[in-house]
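The values are calculated or read from the model by the stated rules, or taken from the named source; none is laboratory data. Because the structure is a prediction, the values reported are computed rather than measured. So basically every Cβ, Gly included, is an ideal-geometry build from the backbone, and we count neighbours across all protein chains shown.
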Amino acid sequence: MTKLKLKEVLRELINEYDITVASLARKSGVPKTNLNNWLNGGSPNIEQVQKVADFFDVSFEYLAFGKKQSHSLDDLLDKVELHTGLYEISIKKVSKKRRI
């Protein structure tokens, strides 16, 4: 069984986005009491966790369990159709930090 990591991941996202719990509650539509309950280790409502995940633009699995999706370059290339010719591909890691 996978351990729930909602408490830790939610705290990290709140700090990363520099947002208060009250502001997150208003913007996500999840009651502040529920968010505080999660931050104290309480059990979440699945639909509300999805709302918060959508707000932060992360997957449900990441928010609830800390599981990051890993996409290898091979997986990416399997999904891309390349034709003959010369190509230059650049990959740049960008930060998702946004002001709220």
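Quick notes on this structure:
- Candidates Leu82, Leu77: the one that is surrounded by fewer than 10 Cβ atoms within 10 Å (Cβ to Cβ) and either assigned to a loop (DSSP other than H, G, I, E, B) or modelled with pLDDT under 90 (or both) is Leu82.
- Some residue of the range 31-46 being part of a helix (DSSP H, G or I), at pLDDT below 95 and loosely packed, with under 13 Cβ neighbours inside 10 Å: yes
- Flag for Asn15 being polar (S, T, N, Q) and more than 18 Å from Tyr62 (Cβ to Cβ): no
- Scanning the range 1-20 for residues that are among the aliphatic types (A, V, I, L, M) and either under 17 Å from Lys68 (Cα atoms) or loosely packed, with under 15 Cβ neighbours inside 10 Å (or both) turns up Met1, Leu4, Leu6, Val9, Leu10, Leu13.
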